[in-house]
Amino acid sequence: MTDESIIKLSVEEWDHGQRIAVARVAAQSLTQVAPLLGEPWSSHWWNDVIKYLQVTQQELEGRYMTYQQAVDLLSGEKRDIRIEVMVDLLALALHVTPNAMKEDAKKSKAKHVMLYDARSRRFLLELEHALNLYMGDLVSVEKSVAQQMYYGMLEQQEKQQEDGSPSMQQNMDLSARKAIEGANKKKQAFRWIATGAGIIGGGAVIALTGGLAAPLLAPLLVGVTGATFFATAGGVALVTSLFGLTGGGLAGWKMHKRMKGIEEFEFKQILNDPDLPPVPALRCTICISGFLLDSKQETRSPWEHAFEGRRNHTDIFCLEYETETLLQLGYSFRQFVKDTAVNYAGMEIAKATVLHAFFAAVALPATILKIADVIDNPWQMAVDRSKKAGVVLANVLEERVQGNRPCNLVAYSCGCLVVWSCLQELNDRGKHGLVDNVVLMGAPISTEETWEWENAASVVSGRFVNCYTPNDWVLAFVYRLHSLATNVAGLEAVSGLGKRIENIEVKIDGHTKYPSAIKDIMDQIKLE
């Protein structure tokens, strides 16, 4: 393995004052996120940062510099190095700086690991804000680095084939080989799209959609293609593991036997354009539908619409699990909504003005109980299967099938139980740094057990968003039917955790409207 970083680093070009300034802004950022990310990780990361900047704690304490002075120095008129700072610290987070690679080699005989921890990303988002950069600049840096890494690997493959030297593919996982071969074929057909600013090695398409900040249009890889790095089987293995190509990743993962009482559990990727090369991103998103009203296509269709225009920044996968059970639940929801007894429930709730009166009733109205069978069994089955699916999802994430990169989890209705069960499992196993952001919509989860929410939030490095509406009487009924709990996340804000849980009230007409409202909700949330 080469001692040279795959990513072009700028730290050697910064003078001592600039390095002190970077450390000052990094300290400001870390102070903000340390309570969330934990003291052990934060201390370790701080030591890595100042070591990389070649400054000591004593130097920092001996040269006083305010936060504003530091930002002014880094964003000077003559040379603004703020994007360089983001690129360098992203390289540090990915463990691809020369020192990081040497240190890893000393610590273990195992292969070096290229890893993008969700906690590192949370720090970098805070750094983006601290440097007064625009929202989305980190995403652009990630996108540029990911594209150039991936196409650098493809370019090297082409050269090896032309030179007749042993192909790097001989040392690759079969499924990763197929994925790269497919991308290569598509890339050949679309070479004409490339522009001078977006070319590596004279041909690879880098920015298919454009939109990158000007400093990012220049090649970020050492030696333009990173040829030395990609000439080794180890270098290729690092990149395929980072992007989740090894073993086929999420899309290639198959449940070979019945697991935890689950018979169906697989991922389908939503591609930006099936005819363009599927360039992998430095993060991924798993979307989970919690009921299906009409067809199995609804495991994908709401998310395809919701993430339209965002697919270049994150690899999006939809989890398909127990679809027959979710179809039965969707059918029962529709039947319940159509039933005339619902009108009675609506009137009773309207009289009390809030759903809490419905919850507070010692006994549910007999008129409603008569139709309980319509929804009772499908609901219980879906809840049970969803919780079990969450354990399987935790296994998948722990094994890093998604790659060595942060993962967002987004779900509605019973899909929230999959996420909830997964987070509880990850907490029990002490697995941090896997999950970036979490979004729950219409979650059938009690808000009374604050400690459970604390456990779930402890393994989420980014934002934890709870979307609710107080008008969801379908959720109110099915939850009240099986629980004495009077507080439900899908109906109200989660309290008692300060600002850790973001609560967003959404304007929808009921539980069955979530699939069609996802795009509007995600636009309101604005995940970066």
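Things worth noting here:
- The amide H of Val488, built 1.01 Å from its N in the peptide plane, has Thr447 as neighbours under 5 Å, considering only residues 5 or more places off or on other chains.
- Cleavage-rule hits (trypsin sites (Lys or Arg not before Pro)) in region 414-474: DSSP loop, at most 15 neighbouring Cβ within 10 angstrom: Lys431
- Over 32 Å (Cα to Cα) - which of Lys338/Lys499; Lys51/Lys143; Lys296/Lys526; Lys338/Lys519; Lys143/Lys387; Lys51/Lys519 fall in this group: Lys338/Lys499; Lys143/Lys387; Lys51/Lys519
- Linear extension gain, Met65 paired with Glu398, 0.36 nm per residue minus alpha-carbon span: 115.7 nm
- Region 1-86 - percent of accessible surface contributed by carbon and sulfur, probe 1.4 Å: 49
- Amide H partners (placed H, <5 Å) of Phe464, local residues excluded: Val438, Glu502
- Cα pair count fraction exceeding 20 Å, expressed as % - region 1-86: 38
- Net length gained if the chain between Ser75 and Gln58 were fully extended (0.36 nm per residue, minus Cα distance): 3.6 nm
- Sorting Lys388, Lys507, Lys296, Lys51 by accessible area puts them as Lys507, Lys51, Lys296, Lys388; the probe is 1.4 Å, largest comes first, and only protein heavy atoms count.
- Phi angles of region 463-478 translate, via the Karplus equation with coefficients 6.51, -1.76, 1.60 and θ = phi - 60°, into HN-Hα couplings of 7, 10, 10, 10, 9, 9, 9, x, 9, 8, 6, 5, 5, 4, 5, 5 Hz per residue; Gly and Pro are given as x.
- Using a simple spin-label model with pseudo-atoms 7 Å out from Cα toward Cβ, Ala27 and Arg334 lie 6.2 nm apart.
- Between Glu304 and Trp451, the contour length at 0.36 nm per residue exceeds the Cα-Cα span by 49.5 nm.
- Cα-derived Rg to Rh of region 390-443, Kirkwood definition: 0.94
- Each label was represented as a point 7 Å from its Cα along the Cα-to-Cβ direction; for Ser483 and Leu271 these points are 4.0 nm apart.
- For Ile270, the residues whose modelled amide H falls within less than 5 Å of its own, excluding neighbours fewer than 5 places apart on the same chain, are Ile316, Phe317, Cys318.
- Accessible area in square angstrom per residue, region 408-528, 1.4 angstrom probe: 33
The values are calculated or read from the model by the stated rules, or taken from the named source; none is laboratory data. These figures come from a predicted structure and were not determined experimentally. Because the Cβ atoms are built from the backbone with ideal geometry, glycine has one as well, and the counts that use them run over all protein chains shown. Ligands, DNA and RNA are excluded from the accessible area calculation, which covers all protein heavy atoms including side chains. Shrake-Rupley method; radii C 1.70, N 1.55, O 1.52, S 1.80 Å.
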